[in-house]
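Everything on this sheet refers to the single structure shown next.
The values are calculated or read from the model by the stated rules, or taken from the named source; none is laboratory data. Here the structure is a predicted model, which is why all the values come from computation and not from measurement. Positions of Cβ are backbone-derived with ideal geometry, glycine not excepted, and every protein chain shown enters the neighbour counts.
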Amino acid sequence: MNKTIVVFISICLLVFPIILVGCAQNNVNPSESVVATVDGSGTALPSGSRSSAAATSDGNEPTFPFVTINTENNAEIVSKDDYLTCSVSINNCEEEYDLTEEPAQIKGRGNSTWDFPKKPYKLKFDSKIDLFGNGKAKTWTLIANYVDKSLSRNLLAYNIATAIGLENTTTTQCVHLTLNDDYQGVYLVCEQQEVGSTRIDIQDGLDDVDTGYLLELDARAVDEGVEGIDYFTFYGQPYGIKSPDVEDDDWNSNFIDYISGYIADCYNAILGNDYELIEQLIDTESFAKCYIVHELMHCVDVGYSSFYMYKDAGGKLICGSVWDFDISSGNCDYEDDVNDWSVMYAKNANRWYKKLFAHEEFEELVSEILYDNKTVIKNTIDEVVESQLNAKYDNELNFEVWNILNKYVWPNPQAILNLKTWESQLEYLQSWLNSSLDCMLDEYFYSNAQ
């Protein structure tokens, strides 16, 4: 079935040669154009030639970049732990970001998402690569968005976070992925949640316990690591250590004791009445901005997983960056409040947010940031949706491979199942987010209503 789609694209491009729109960052600046051809394998790929003429399209040609990955001996990717050697080629984007058989490694990634037929992947290049102008790094993620039939929840969340100034939010790029000659559909290329000069730029050395730390509130840590080495438990919840490297020979319990103690100091300060002490220990603005994104989207994981915090040497505890929104904003059949934009879901689901809101100063900060950014958020929603609609042909190709629009996919609620087209999925999401934004403005408008 996958090869049928490849042939379909190839025939269209042979019969109707057109100038394609290149490498649009999905918050959505059009790039220079490329000329489409077909490579020797029959896979539709743009050629290396470029045209300075403005691209024209009747909406029936792919505009996303093409990512082609071939594993050594066409080996199947079956593990989230073991990398396979592969090569990566990228085109239909700005010429400087073209890749030709770049050596890399690939493995599976994700938690529940790994169990779906459309698999998410983690790429690790042999050397640092700047994908689509988003900074040089070795590791990148390919997000499948299988359960999100709009293909846009993660895309919108990360663009909104960036728009309101939340630092270290991942960049995004929608692409067409071909793996071992089989077209896999539309994926979202994102940055790996990690420490690095183009990622979360903090120290990660082990010369002193007061170094940089990247943590994830992660309920699954107890199944994947060892307490006291890979994670620590606070108030019954596990916090995974993403950085420094816990497999380093210099890593020991002193580091766990330090960062778990700092987390306890921060939380105990929040439980108290001294807001000045809270501001000395944590970056309240980052918590407020993350809260706004989490609340706007109603991210189901916010209280137990994919909730990141980091601290640099000698610095405060910072919230972020936000991550994992495929099960959010009306797309959940096991948590009703995720579907109800009229309730404050994140405020009650996440321990940190709930206790911070006991302080009037924090609620006023949220109100101020939300009020100052209400137009920015609304415009970002509309602009991303418009960009996706302009790429309707690209997005609908995904469902030629994955025929799921009329089928139940866990955890789609009935409202999602009732929507029979990709476009109606996107319009539903846009309406849901606008309603959520209006509800938040009503909830937190009081301090700016003068």
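Quick look at the values:
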read-out	value
Test: residue in region 376-383 that is outside any helix (DSSP H, G or I) and surrounded by fewer than 19 Cβ atoms within 10 Å (Cβ to Cβ)	no
Residue tally, condition hydroxyl-bearing (Ser, Thr, Tyr), more than 18 Å from Ser150 (Cβ to Cβ) and surrounded by 21 or more Cβ atoms within 10 Å (Cβ to Cβ), over region 169-212	4
Hits in region 288-341 - residues which are crowded, with 23+ Cβ neighbours inside 10 Å, among the charged types (D, E, K, R) and over 22 Å from Glu191 (Cβ atoms)	Glu295
Hey, Leu370 in a helix (DSSP H, G or I), under 20 Å from Val302 (Cα atoms) and of a type in the set (A, V, I, L, M) or not	yes
Any hit, region 210-220, residues being of a type in the set (Ser, Thr, Tyr) and farther than 30 Å from Asp333 by Cα	yes
Strands (runs of 3 or more DSSP E) completely within region 103-201 that count 3 or more residues being in contact (Cβ under 8 Å) with a residue 60 or more places away in the chain and farther than 21 Å from Thr71 by Cβ	172-179
Some residue of region 311-323 being part of a loop (DSSP other than H, G, I, E, B), farther than 23 Å from Gly212 by Cβ and not aromatic (Phe, Trp, Tyr)	no
Residues within region 392-432 that are out of contact with any Gly (no Cβ under 9 Å at 6 or more places or on another chain), at pLDDT 95 or above and not aromatic (Phe, Trp, Tyr), tallied	23
Residue tally, condition part of a strand (DSSP E or B) and not small (Gly, Ala, Ser), over region 73-102	10
